[in-house]
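Student: The structure under discussion is supplied below as structure tokens; questions concerning it will follow.
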Amino acid sequence: MMFHNLFDHIERTAPRLKTASEIKMLAALLDSMLEAHSRTEDDLFIGPLEHCFGQIGHRETFHQEHEQIEECLKQAQSGKRPRQARQWLLAAVDCSRKHFDKEERIVFPLAERVLKAKTLTDLGQEWVKRRAATLK
């Protein structure tokens with residue numbers, strides 16, 4: 001939910017920003033947050049479910065979506081003109097929304113069906129440990 005709120009904020013705010021620097025700051029914030037999310041997602045969900053994604057035709061999709069989002073954010077952060085930087089930032093938000101929607105529709109239900117309760121509990125505990133380490 002937090003990410004969707006951030007996406008909403010960026011979509012409301014970006015059209016009003018006047019300078020490329022302002023847009024780059026939003027892009028850097030989103031990039032930082034999504035990078036941590038992607039790393040955790042890859043380690044805790046994609047890895048244990050990798051064998052299933054091939055069966056449902058999504059083996060490369062999740063990695064490609066991460067790369068596409070990263071490229072949009074890179075372009076937004078390197079843009080010289082506000083209009084171009086804004087377009088890249090909003091493209092990153094759009095790609096992120098679609099990716100998060102796919103996670104909610106496919107990855108989480110798949111994890112609940114395929115992984116054992118103990119595995120899910122262990123993954124949750126690993127997430128808590130990682131979260132605690134980042135707060136130190």
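Student: Of the residues in the range 97-136, how many are among the small types (Gly, Ala, Ser), at pLDDT 85 or above and either closer than 21 Å to Asp31 by Cα or touching a strand residue (DSSP E or B) at 6+ places or on another chain (Cβ under 7 Å) (or both)?
Tutor: Summing the residues that are among the small types (Gly, Ala, Ser), at pLDDT 85 or above and either closer than 21 Å to Asp31 by Cα or touching a strand residue (DSSP E or B) at 6+ places or on another chain (Cβ under 7 Å) (or both) in the range 97-136 gives 0.
Student: Out of all the residues in the range 30-85, which are of a type in the set (Ser, Thr, Tyr) and either surrounded by 14 or more Cβ atoms within 10 Å (Cβ to Cβ) or within 11 Å of the chain's Cα centre (by Cα) (or both)?
Tutor: Ser32, Ser38, Thr40, Thr61
Student: What tally of residues in the range 96-117 results from selecting those that are of a type outside the set (A, V, I, L, M, F, W, C) and within 15 Å of Leu49 (Cα to Cα)?
Tutor: 8
Student: Check off (1) within 24 Å of Met1 (Cβ to Cβ); (2) out of contact with any helix residue (DSSP H, G or I) (no Cβ under 6 Å at 6 or more places or on another chain); (3) at pLDDT 95 or above; (4) of a type outside the set (Phe, Trp, Tyr) for Glu71 and give me the number that stays unchecked.
Tutor: (1)
Student: From the list Ser38, Ser32, which residue is in a helix (DSSP H, G or I), within 24 Å of Ala132 (Cα to Cα) and out of contact with any helix residue (DSSP H, G or I) (no Cβ under 9 Å at 6 or more places or on another chain)?
Tutor: Going through Ser38, Ser32 in turn, just one is in a helix (DSSP H, G or I), within 24 Å of Ala132 (Cα to Cα) and out of contact with any helix residue (DSSP H, G or I) (no Cβ under 9 Å at 6 or more places or on another chain): Ser32.
Student: Quick one: what pairs do we get from the range 93-121, first residue part of a helix (DSSP H, G or I), second aromatic (Phe, Trp, Tyr) and surrounded by 17 or more Cβ atoms within 10 Å (Cβ to Cβ), C-beta under 7 Å, 6+ apart or different chains?
Tutor: Val93/Phe7; Ser96/Phe7; Arg97/Phe7; Val107/Phe45; Ala111/Phe45
Student: Can Arg83 be described as over 24 Å from Glu104 (Cβ atoms) and either out of contact with any helix residue (DSSP H, G or I) (no Cβ under 7 Å at 6 or more places or on another chain) or modelled with pLDDT of 95 or more (or both)?
Tutor: yes
Student: From Pro15, Pro48, grab the single residue that is assigned to a helix (DSSP H, G or I), closer than 22 Å to Glu112 by Cβ, touching a residue at least 40 places away in the same chain (Cβ under 8 Å) and not small (Gly, Ala, Ser).
Tutor: Of the residues listed, the single one that is assigned to a helix (DSSP H, G or I), closer than 22 Å to Glu112 by Cβ, touching a residue at least 40 places away in the same chain (Cβ under 8 Å) and not small (Gly, Ala, Ser) is Pro48.
The values are calculated or read from the model by the stated rules, or taken from the named source; none is laboratory data. Please read these numbers as outputs of a predicted model, since none were measured by experiment. Reconstructed Cβ throughout: ideal geometry from the backbone, glycine too, with neighbour counts over all protein chains shown.
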